[in-house]
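Colleague: What follows is a structure written as structure tokens; I'll ask about it next.
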Amino acid sequence: MALRSSVAPAAVLLVAFLATGCGAVGRVTTGDTSQGKKVFNDKCASCHTLADAKAQGTIGPNLDDAFSSDKQQGFSEQTMADVIRGQIAYADPEGPMKPNLVTGSDADSVALYIAKCAGNPSCGVTAATNAPPPAAGGGGGGGAKPAAPDGKQIFTSAGCSGCHTLKDANATGNVGPNLDQLKPAKDRVARQVENGGAAMPAFKGRLSPAQIQAVAAYVSKVAGK
């Protein structure tokens, strides 16, 4: 998710926002920063820099730079969250981030998380986690192996859909190469995911080796199909 470049300097948006009211999406009155951090990691970290999330994306604005100065000037987290929520809803359709990439309570939670943690590399928010799936076979203690990583699910949750086109994943991103046209081999995908390159960040350390291999196998199998 790439908040439009006009987020920086954010103070300009804050002033404009306050002058026109809270926007059609309304004020952010509910949300969970832990869920917001999880969604940010899944959808936004590949495009933005935010130290608390260890995100180093360069496609969209550096959120630490965009909002830390506004905090120093005394803007409240509430005001910044409202602005971020509007940016999520009304992103430029021609830009790398599509409008409403996340919606509803997830969008509110992301806005609250960014507002709280931008410019603070240790703001104390722990990302929510999904409950582990129930063990197959009723829990008989048979030492069953954990399920292999799902490459398609990883492609979606790691934010690849926001940057790449891949028909099988219903992805229409236009920041990175169109994978259906490129039809890359598995080894090429794995190297790119692990090491990054150009505008794409490295996912080594964010995805396990097994996850990298799974998403590489998935892309190479379905691209162009």
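The values are calculated or read from the model by the stated rules, or taken from the named source; none is laboratory data. Not measured: the values here are computed from a predicted model. Backbone-built Cβ (ideal geometry, glycine too); neighbour counts: all protein chains shown. Remember, those area values only see protein heavy atoms, side chains included, never the ligands or the DNA or RNA. Shrake-Rupley method; radii C 1.70, N 1.55, O 1.52, S 1.80 Å.
Colleague: Look at segment 98-107 and say how many of its residues are within 14 Å of the chain's Cα centre (by Cα) and at pLDDT 90 or above.
Modeller: 3
Colleague: Still on this model: Mind checking whether some residue in segment 65-88 is on the phi > 0 side of the Ramachandran plot and without any contact (Cβ under 8 Å) to a residue 60 or more places away in the chain?
Modeller: yes
Colleague: If you don't mind, there's one more thing I want to ask. Please find, within segment 1-56, the residue that is most open to solvent (accessible area, probe 1.4 Å) out of those that are modelled with pLDDT under 80 and among the polar types (S, T, N, Q).
Modeller: Looking at the filtered set, the residue picked out is Thr20.
Colleague: Same structure again: Does Gly95 count as more than 14 Å from the chain's Cα centre (by Cα), of a type outside the set (D, E, K, R) and open to solvent by 20 Å² or more (accessible area, probe 1.4 Å)?
Modeller: For Gly95, the condition - more than 14 Å from the chain's Cα centre (by Cα), of a type outside the set (D, E, K, R) and open to solvent by 20 Å² or more (accessible area, probe 1.4 Å) - is not met.
Colleague: Taking segment 67-88 as the search range and keeping residues that are under 18 Å from Thr33 (Cβ atoms) and of a type in the set (Gly, Ala, Ser), which one is surrounded by the most Cβ atoms within 10 Å (Cβ to Cβ)?
Modeller: Looking at the filtered set, the residue picked out is Ala81.
Colleague: When segment 194-212 is examined, which residues are found to be surrounded by 17 or more Cβ atoms within 10 Å (Cβ to Cβ), out of contact with any strand residue (DSSP E or B) (no Cβ under 7 Å at 6 or more places or on another chain) and either closer than 21 Å to Ile59 by Cα or without any contact (Cβ under 8 Å) to a residue 40 or more places away in the chain (or both)?
Modeller: Those that are surrounded by 17 or more Cβ atoms within 10 Å (Cβ to Cβ), out of contact with any strand residue (DSSP E or B) (no Cβ under 7 Å at 6 or more places or on another chain) and either closer than 21 Å to Ile59 by Cα or without any contact (Cβ under 8 Å) to a residue 40 or more places away in the chain (or both): Gly196, Met200, Phe203, Arg206, Leu207, Ile212.
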